[in-house]
């Protein structure tokens, strides 16, 4: 195993292209992480996920602790072996899911007591227990336990949750028991309150984490609010460490955010959209449920390197989606992940060439022209 590290190879304005190194390999940044919440990227085989260009997947502490349990995963050789993914894995702390999914939750200084959304069983998740579970799973990047509040919200509630998350960050870092090539990441909170965001970032930077995430966004706020938060928060974070924007987002969100210095993203959007008949392409977003695709012999993109986007007609994909065939979900998820990874690869190359602005303009022009271009 080698140590965890992050190297910036090129910059273009505030955007960076680099490499994260973990115990399970290299991650080219800016990176989009495929979401594998319950040890699976839904509808996909992991070898095909890798073929899309994915370097890192995300697993979730909350879901895995409830089923099949972290201890069961460990008995099966750890999360990498369990899900047949020998590359980098980041695990979320479970904090967001406790707040959004769990029943009858009670937040205290110690942690969160809650009932499972699966069977109603009672559990307690604390910073120490969250980090322990992530260590048992064997992931490469462990996220601190935090409290994420919905937006819009009162300043008082946002401030309370942010201060609690700071105290939990200290406890999470103290409880981290990872080995070589593993690292804990902190999470900046503060809702849409810029001064609270900056205060959170400053205190977390003083704790000297190996990486920093911006959390609590993509929870209903407009894009301009998210971008304003990034404009005022990212400069507070250390340039020598990776920056992760959690739960974001659309292709445009990714381009706007990486241009502001974000290095890592995750979002269910490409996989969820694929399971519901939606395809992301360089021509924009397509709804394969629409009748106009029923007799279209063209593929999603004849120039794509992804077999799902290149080798199947829109008419066939329309048929699969309307018939609710599982293969339709698989093919569209595959195509969407490949598009997201191509978008990131293009951004990395553009940053290296000092032409990110041109790349973003050309990409958005392709979306605007539409599929007839």
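The values are calculated or read from the model by the stated rules, or taken from the named source; none is laboratory data. Only a predicted model underlies this, so the values are computations on that prediction, with no experimental measurement involved. All Cβ positions, even for glycine, are placed from backbone atoms using ideal geometry, and neighbour counts span all protein chains on display.
General observations
- Residue match in the stretch 143-166 (condition: in a loop (DSSP other than H, G, I, E, B), touching a residue at least 40 places away in the same chain (Cβ under 8 Å), surrounded by fewer than 17 Cβ atoms within 10 Å (Cβ to Cβ) and over 23 Å from the mean Cα position of the chain (by Cα)): no
- Of the set (1) buried (at least 18 other Cβ atoms within 10 Å of the Cβ); (2) under 30 Å from residue 18 (Cβ atoms); (3) not assigned by TED's automatic domain parsing to the domain that holds residue 18, all apply to residue 262 but (3).
- All told, residue 373 meets the bar of being modelled with pLDDT under 95 and either part of a helix (DSSP H, G or I) or at negative phi (or both).
- In the stretch 97-109, residue farthest from residue 166 (Cα to Cα) [restricted to those that are outside any loop (DSSP other than H, G, I, E, B) and either touching a helix residue (DSSP H, G or I) at 6+ places or on another chain (Cβ under 8 Å) or modelled with pLDDT of 95 or more (or both)]: 105
- Within the stretch 281-305, residues that are in contact (Cβ under 8 Å) with a residue 60 or more places away in the chain reach partners that are loosely packed, with under 11 Cβ neighbours inside 10 Å and part of a helix (DSSP H, G or I) with beta carbons closer than 9 Å, at six or more positions or on different chains, in the pairs 284/368.
- Hey, residue 177 without any contact (Cβ under 8 Å) to a residue 24 or more places away in the chain and either part of a strand (DSSP E or B) or surrounded by fewer than 24 Cβ atoms within 10 Å (Cβ to Cβ) (or both) or not: no
- For the stretch 181-201, a residue qualifies if it is assigned to a loop (DSSP other than H, G, I, E, B) and more than 14 Å from residue 243 (Cα to Cα), and the qualifying residues are 181, 182, 190, 191, 192, 193.
- Within the option set 183, 201, 279, being in the same structural domain as residue 308 (by TED's automatic domain parsing) and either within 19 Å of residue 99 (Cβ to Cβ) or buried (at least 22 other Cβ atoms within 10 Å of the Cβ) (or both) holds for one residue only, 279.
- Test result for residue 38, crowded, with 21+ Cβ neighbours inside 10 Å and under 21 Å from residue 270 (Cα atoms): no
- Filter result for residue 282 (at pLDDT 95 or above, within 19 Å of residue 332 (Cβ to Cβ) and touching a helix residue (DSSP H, G or I) at 6+ places or on another chain (Cβ under 6 Å)): yes
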